[in-house]
Each structure stands twice: as C-alpha cells, then as structure tokens.
Amino acid sequence: MIRQYLRTLLVAIMVLGSFVLLSPAVNAATLDFESLGAPGAPAKIADGYGDLQWNNFYVVDGHRYDADFPNNGYITGASSGIYVGLNGFGEAASLSSSSTFDFISASLTAAFNEGLQLDIAGFRNGAQLYAQTVTLTTQMYATLLFNWTGIDELTFVSYGGKPVYGVSGRQFALDDLNVVQTPLPAALPFLATGLIGLGFAARRRRAAAKAA
C-alpha cells in the first residue's frame, strides 16, 4: 500500500514539475517606447503598457532638448528608434505587475550627469530579492543583462554624477526594456491540492490497517 502511494506521489510530482517547466511564458516583450512617443513635452507612461504599472516614468524624444543640451543622454540613450523612457524630475521611479515577471535586460544611459549612479532593486510581495548599482554615462547607452526572475516590482533610484551641461539632472534614459511575464500555471493549485489529498488518504489507509 505504501509503495503504491509513493509511486502515485512520484508521478504527481513529475506532472507538477512538467507544468512548471513546460508552461509557456506570457507576454515576452521588449519595450522600446516607440508606440508611446509624440512630439512635445515628455508624456507620462500610462499603466498597461507592456502589461505593467508605471510610477513616475515618462517617454520623450531627446532631440527636443538638443538646442540647449546637444547629444544629451536621451539622444545617445535611444538604442532603437528615437524615444526613451525616463524617471520624471530625476526622482525615484518604479514599475510593477499583478503577476510575477522576469527582468531580463535593459539599455540605460545618464541624461545629464556623467557618472550617474543608479540603484535598481527587484521585489516580490514586498521582499527584496535582487539589487544592483550601475554607473551610467551620457555618451552611450549600456545594454545590461540582469536575468532577475520571479519578481513583481522594479525600483530605480538615481543620484550623483557630474553635470555635463552646467545643470545637474538625475534623470536617466531607459530603452529596450526586456521583460517576460511569468504567471503560475492555472492548474498548479489543483495539483498541489491533489498532492495534499493523496497524503491524507495514505495516512487514513495506514491508520485503518493498524486498527485491523
């Protein structure tokens, strides 16, 4: 009886694992902000872009500042197209999702301060899982690989650096943000419940066998 239970449990675990490994990721996307851009002042990125919620992120074409700040980081930071995301007013910014996602990579550039420091952190359910500080230049974007998995929030805090144009600005440019939405397969809760049920059933059978 116990051997039969163990075999059944092993099969159930294998099925559960296959759901985790083979379940396709949802909404793999590289966000380049081109569909959001428009001439004029920076526009706030609305929730829902890339199936994410955006806090204090804007989109801009850096050429609008070219007269006063030639070759600013919004221009050099466009790794594809002409539009980039930025942290509004140089303040902290974040993006999040109601389900988990993987943060694969991003192109990052300092907009106005050479050697700008950027603290990036990844969270799940409020607990910090990842953290990294990067140093950014205004001269060229850096495409950085993160491969942070299973998070539901990313935060960005910038500081420091040396003003290039005589005006200090803690803004950074974000482009080609590569994220993969990874919600749990819908069948997993049912499989987990089934495993628990198997355990209770086995215990009842053992208890009944002893009583007999």
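Selection of the range 156-179 for residues being surrounded by fewer than 14 Cβ atoms within 10 Å (Cβ to Cβ) and β-branched (Val, Ile, Thr) yields only VAL167.
Taking GLY85 as the residue in question, decide whether it is in contact with a strand residue (DSSP E or B) (Cβ under 8 Å, 6 or more places away or on another chain), within 22 Å of VAL134 (Cα to Cα) and surrounded by fewer than 17 Cβ atoms within 10 Å (Cβ to Cβ).
The answer is no for GLY85.
Within the range 115-144, the set of residues being crowded, with 16+ Cβ neighbours inside 10 Å and of a type in the set (Asp, Glu) is empty. Listed by position, the strands (runs of 3 or more DSSP E) enclosed by the range 64-171 that each have at least 1 residues that are free of Cβ contacts under 8 Å to residues at least 24 places away in the same chain are 127-136.
Among what's in the range 50-88 and is of a type in the set (Ser, Thr, Tyr) and at pLDDT 95 or above, pick the residue that is nearest to GLN139 (Cα to Cα). Reasoning before the result, please.
Step one: of the range 50-88, the residues of a type in the set (Ser, Thr, Tyr) are 58, 65, 74, 76, 79-80, 83.
Next, only the ones that are at pLDDT 95 or above stay: 58, 74, 76, 79, 83.
Values: TYR58: 21, TYR74: 10, THR76: 6, SER79: 12, TYR83: 16 Å.
Ranking the qualifying residues of the range 50-88, first place goes to THR76.
Out of (1) of a type in the set (Val, Ile, Thr); (2) over 17 Å from the mean Cα position of the chain (by Cα); (3) modelled with pLDDT of 95 or more, what's the single condition that is false for THR30? Among (1) of a type in the set (Val, Ile, Thr); (2) over 17 Å from the mean Cα position of the chain (by Cα); (3) modelled with pLDDT of 95 or more, THR30 violates only (2).
Select from the range 42-58 the residues that are in contact (Cβ under 8 Å) with a residue 24 or more places away in the chain and assigned to a loop (DSSP other than H, G, I, E, B) and write down the one among them that is nearest to LEU177 (Cα to Cα). Lay out the reasoning, then the answer.
Of the range 42-58, the ones in contact (Cβ under 8 Å) with a residue 24 or more places away in the chain are 42, 44-45, 50-58.
Filter once more, keeping what is assigned to a loop (DSSP other than H, G, I, E, B): 42, 45, 52, 56.
On the way: PRO42: 18, ILE45: 14, LEU52: 12, ASN56: 16 Å.
Here the answer is LEU52.
The values are calculated or read from the model by the stated rules, or taken from the named source; none is laboratory data. Computed from a predicted model, the values in this text were never measured in an experiment. For neighbour counting, all protein chains shown are included, and Cβ atoms are generated from backbone atoms with ideal geometry for every residue, glycine included.
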